[in-house]
Amino acid sequence: MASYSNVTIPSKIKAWLYAEHGNPVNVLTLDSDVRVPEIKEDQVLVKVVAAALNPVDAKRALGFFRDADSSPPIVPGYDVAGVVVKVGDQVKKFKIGDEVYGAVNEKSLDQDEVYGDINDKSLDRPKQHGTMAEYNAVEDRLLALKPKNLSFVEAASLPAAIETAYEGLERTRFSSGKSILVLGGAGGVGSLVIQLAKEVFGASRVAATSSTGKLDLLKSLGADSAIDYTKENFEDLSEKFDVVYDAVGQTESAIRAVKEGGSVVTVVGGVNPPAFKFFLASKGSILEKLNPFIESQKIKPVIDPRGTFSFSRVLEAFSYLGTGRVTGEIVIHSI
Ligand code: NDP
């Protein structure tokens, strides 16, 4: 394995960036002359080894958050795994050479939020310089030490998705003995909701939806029941659930699948009460809490079988992301 603790930090680095909004496949270019990010007192400089792509990266490039975003040119990328090569004066948590992972934007934006009070949250704007670059400046509070058993690729696949999965379960006050239906069980978020519900929260029963070819995956992640959405409507089943976690954007149907007094949480699309929606606030502390479950292999990263792309193939990765059929996560490696 390469050693990154003695790297000489260059002044110019390679990064994928876009100067105007559009389909990332059309607007992204690889620039070899980008200034290495300066770190603030509470930040570390991470030598990026692997970085994952999430749907939010494509939505952002398309301009969904244009009124609330940083000014271009923008380097996409929320998820990172890499090595600390420089620390700010106030950083106590990490030292040079530490292998870390995290979601580098404090706030995960979604289209709806643009119409909310984002102007009062300017500090929450996604960073101009994301993780599709050789180096990234990140606040120490957003990072955790990489689980020892994971490769950088595996670690990079987790942060935004697992934090979203965890926070959604917390917000429904999910607890031991409850049942849950996960909509979109094969996606980045859903595949981790299934595992967390079962292994961390002690669900009595987990059901999840996917298309036919992914039903076995749902079972292998811990789902007791895998529902093929191409053949049956989950809302017509007689079984009802304490919680429905919607990672697809189906709250209208979801509220017909929840028990009276239960909760429906969604992370995408419109919201039909009593369902509620939330936006991830990235926190390294969630990763720290979950690291023991990852290191004991109770929680496993899910990376699409075709989903690891080299740094030169970021456009192909975005093209695949755009199909909406990704299983788990897409990871760019090595950077
Ligand atoms: P993915 O791109 O990983 O989801 C793709 C998966 O969705 C595929 O495996 C596909 O499986 C599955 N899928 C598509 N349609 C359906 C359907 N009708 N029923 C069941 N499964 C389906 O997305 P993520 O999990 O990463 O994210 C999900 C959504 O949540 C995105 O819109 C994202 O932007 C949003 N999000 C919001 C956050 C927030 O803070 N609010 C944070 C993180 C994500 P198949 O091929 O079997 O259909």
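The values are calculated or read from the model by the stated rules, or taken from the named source; none is laboratory data. These numbers were taken from a predicted model, which means no experiment stands behind them. Quick reminder, even Gly has a Cβ in these numbers, built from the backbone with ideal geometry, and neighbours come from all protein chains shown. Each accessible area value is taken on the protein alone, full model and side chains, heavy atoms only, with ligands, DNA and RNA left out. Shrake-Rupley method; radii C 1.70, N 1.55, O 1.52, S 1.80 Å.
Go through the residues of segment 80-98 one by one and say whether even a single one is out of contact with any Lys or Arg (no Cβ under 8 Å at 6 or more places or on another chain), within 16 Å of the ligand (Cβ to nearest atom) and part of a helix (DSSP H, G or I).
There is no residue in segment 80-98 that is out of contact with any Lys or Arg (no Cβ under 8 Å at 6 or more places or on another chain), within 16 Å of the ligand (Cβ to nearest atom) and part of a helix (DSSP H, G or I).
A103 - would you say it is small (G, A, S), in contact with a Leu (Cβ under 6 Å, 6 or more places away or on another chain) and open to solvent by less than 50 Å² (accessible area, probe 1.4 Å)?
So A103 fails the test.
Does E295 satisfy being of a type in the set (D, E) and away from the ligand (no atom under 16 Å from the Cβ)?
Spelling it out, E295 is indeed of a type in the set (D, E) and away from the ligand (no atom under 16 Å from the Cβ).
Which of the following residues is in contact (Cβ under 8 Å) with a residue 12 or more places away in the chain and more than 12 Å from the ligand (Cβ to nearest atom): A226, A197? Walk me through how you get there before you give the answer.
Details: A226 fails: more than 12 Å from the ligand (Cβ to nearest atom).
On inspection, the qualifying residue turns out to be A197.
Quick check on segment 302-311: of everything there that is within 13 Å of the ligand (Cβ to nearest atom) and open to solvent by less than 60 Å² (accessible area, probe 1.4 Å), which residue is modelled with the lowest pLDDT? I'd like the intermediate steps shown before the answer.
Keep residues of segment 302-311 that are within 13 Å of the ligand (Cβ to nearest atom), which gives 302-307.
Add one more test, that the residue is open to solvent by less than 60 Å² (accessible area, probe 1.4 Å), and what stays is 302-304, 307.
Working: V302: 98, I303: 98, D304: 98, G307: 95.
Top of the filtered list is G307.
Every residue in segment 44-61 that is open to solvent by 10 Å² or more (accessible area, probe 1.4 Å) and more than 18 Å from the chain's Cα centre (by Cα), please.
First pass over segment 44-61, keeping only residues open to solvent by 10 Å² or more (accessible area, probe 1.4 Å): 47, 54-56, 58-59.
Once the filter is applied, which keeps residues that are open to solvent by 10 Å² or more (accessible area, probe 1.4 Å) and more than 18 Å from the chain's Cα centre (by Cα), segment 44-61 yields only K47.
Residues V326, V243, V264, V314: which one is in contact with a Lys or Arg (Cβ under 8 Å, 6 or more places away or on another chain), of a type in the set (A, V, I, L, M) and either open to solvent by less than 40 Å² (accessible area, probe 1.4 Å) or in a loop (DSSP other than H, G, I, E, B) (or both)?
On inspection, the qualifying residue turns out to be V243.
Can G249 be described as near the ligand (Cβ under 9 Å from one of its atoms) and buried (at least 23 other Cβ atoms within 10 Å of the Cβ)?
For G249, the condition - near the ligand (Cβ under 9 Å from one of its atoms) and buried (at least 23 other Cβ atoms within 10 Å of the Cβ) - is not met.
Filter segment 167-192 down to the residues that are assigned to a helix (DSSP H, G or I) and within 9 Å of the ligand (Cβ to nearest atom) and list them by number.
So in segment 167-192, the residues assigned to a helix (DSSP H, G or I) come out as 167-171, 188-192.
The answer is E167, G168, G188, V189, G190, S191, L192.
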